[in-house]
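Notes follow once the structure below has been shown.
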Amino acid sequence: MEDKIIVALDVSEKERAEKIIEKLSSSVKYFKVGLELYSSEGNNIVKEIKSKGLRVFLDLKLHDIPNTVSNTIRNIAELKPSMVTVHTLGGGQMLEAAVAAARESYPEMKILGVTVLTSLDKKSLFSMGIEISEKDLVSKLAKLAFDSGCDGIVCSAQDLGDIREEYPPPFLVVIPGIRLPEDELADQRKVSHPCLAFEKGADFIVLGRSITNKEQPELAIKRLLEICKSAG
Ligand code: C5P
């Protein structure tokens, strides 16, 4: 179970990230560096996490033309993260370019396609001109990711539908937007209980504020692990 948890270091300062890591690294092996921390601390924070023997999920959600994304993946490969995210809405050619660059530069690095952000609901998608159901959209984007050679997808448990059956392991499913009943929704719209996410077939869940905002994150993670373990 511990190997299936990714803690999101959504902070701007290295010192705050280090505190979270210090409190959680005995229970968690994967830490997520997203745009907030990467834009303030850059490659050094990734190197630091790796130097502690921990794994990095580099969540940069790359979304650009194929040439730019593939060159970026080559640069990122030097940091040897375990997983990197690209946005499936960048299209099949961009995804293929990302996968090809990863295979050439650091084959162990998994390329994950973000489908629909868990902060987007039907209304927000409609305002962007997307009128199909969220489940259908995620299903189309998951197919695009799979056909383009991506190692997996990131999506909400609520939109997962039959994807797990259609694309069994080793295709990876990573689920963010995790909340316990007492947690605040904040900007998320598509949240799920951690047990539900695992029940639906998540290989990894991403835990952010439901752990890192707690006064004692080390106790919060222990409690969450117990809840998940007792649910089987
Ligand atoms: O604090 P919270 O648990 O809401 O954080 C969720 C994390 O998962 C954030 O770091 C966010 O960037 C990430 N994420 C997401 N929805 C996606 C992909 C990633 O919320 N579709």
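Results, tabulated for the structure shown:
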| read-out | value |
| --- | --- |
| Region 97-119, residues that are among the polar types (S, T, N, Q) and within 16 Å of the ligand (Cβ to nearest atom) | THR115, THR118, SER119 |
| Residue that is nearest to the chain's Cα centre (by Cα), among those in region 15-34 that are closer than 16 Å to LEU219 by Cβ and buried (at least 19 other Cβ atoms within 10 Å of the Cβ) | VAL28 |
| Residue within region 120-138 that is within 15 Å of the ligand (Cβ to nearest atom), touching a Ser or Thr at 6+ places or on another chain (Cβ under 7 Å) and in contact (Cβ under 8 Å) with a residue 12 or more places away in the chain present | yes |
| Matching residues, region 159-180, being crowded, with 16+ Cβ neighbours inside 10 Å, more than 18 Å from LEU224 (Cβ to Cβ) and at pLDDT 90 or above | ILE163, ARG164, TYR167, PHE171, LEU172, VAL173 |
| Close pairs (9 angstrom Cβ cut-off, 6 or more residues apart or separate chains): of a type in the set (Asp, Glu) and in a loop (DSSP other than H, G, I, E, B) in region 176-199, within 11 Å of the ligand (Cβ to nearest atom) and modelled with pLDDT under 90 anywhere | ASP183/VAL191; ASP187/SER119 |
| Tally of residues being more than 10 Å from the ligand (Cβ to nearest atom) and closer than 16 Å to ILE211 by Cβ across region 27-42 | 5 |
| Any hit, region 66-77, residues being surrounded by fewer than 18 Cβ atoms within 10 Å (Cβ to Cβ), assigned to a helix (DSSP H, G or I), among the basic types (Lys, Arg) and at pLDDT 95 or above | yes |
| Residue list for region 1-53, restricted to those being assigned to a helix (DSSP H, G or I), closer than 17 Å to ILE76 by Cα and aliphatic (A, V, I, L, M) | LEU35, LEU37, ILE45, VAL46, ILE49 |
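The values are calculated or read from the model by the stated rules, or taken from the named source; none is laboratory data. Here the structure is a predicted model, which is why all the values come from computation and not from measurement. Note that each Cβ is placed from the backbone with ideal geometry, even for glycine, and that neighbours are counted across all protein chains shown.
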